[in-house]
Amino acid sequence: MAMLGLVEIMASQGLTEDQMYKIALQVNAYWFPSNYVTIEKFLKSKGVAWKDAISNNAKDILSREYSSASGYAKIIQQISPSGSSGGSGCSV
């Protein structure tokens with residue numbers, strides 16, 4: 001609901017669709033930091049820098065392929081074949 005409100009505010013201010021996706025991705029990354037750190041690692045393994053993803057592919061990163069529960073689970077499987085995301089403990 002918060003994202004919907006943010007998007008409505010951005011639309012009322014005349015932002016373009018591309019601008020809205022970029023901002024929505026940045027906000028989502030603040031709301032779900034560990035998810036997007038994992039997505040960033042995945043993208044890096046594919047040769048895509050996070051800054052480029054935000055600039056050029058924000059809509060794709062917010063899509064079902066990356067940001068849904070099932071898409072994120074697939075990313076975790078590719079980064080860590082055991083399926084472990086490291087838990088909430090220290091990763092040292």
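What is the percent carbon and sulfur in the accessible area of the chain, measuring with a 1.4 Å probe over the protein chains and ignoring ligands?
Of the solvent-accessible surface of the chain, carbon and sulfur hold 54 percent.
Rounded to the nearest 500 deg cm²/dmol, what is the calculated helix-only ellipticity per residue at 222 nm for the chain, with -39500 (n - 2.57) per DSSP H run of length n ≥ 4?
Per the formula, -20000 deg cm²/dmol.
Using a probe radius of 1.4 Å on heavy atoms only, what accessible surface per residue do you get for the chain? Whole Å² is fine.
Per-residue value: 69 Å².
Check the straight Cα-Cα distances from residue 41 and name the aspartates and glutamates below 20 Å, setting aside those fewer than 8 residues away within the same chain.
52, 60, 65
By how many nm would the segment from residue 3 to residue 15 lengthen if fully extended, with 0.36 nm per residue of separation less the alpha-carbon distance?
2.8 nm
Would you compute, for the Cα atoms of the chain, the largest minus smallest coordinate along each principal axis and list the three values in descending order, in whole Å?
Principal extents (Cα only, largest first): 45, 27, 23 Å.
Pick out which of 11, 24, 73 has the largest mean-square fluctuation in a Gaussian network model of the chain, springs linking Cα atoms closer than 10 Å.
11
The values are calculated or read from the model by the stated rules, or taken from the named source; none is laboratory data. In this text, all values refer to a predicted model and were calculated from it rather than measured experimentally. For the accessible areas, the whole protein counts, side chains as well, though only heavy atoms, and no ligand, DNA or RNA atoms are used. Shrake-Rupley method; radii C 1.70, N 1.55, O 1.52, S 1.80 Å.
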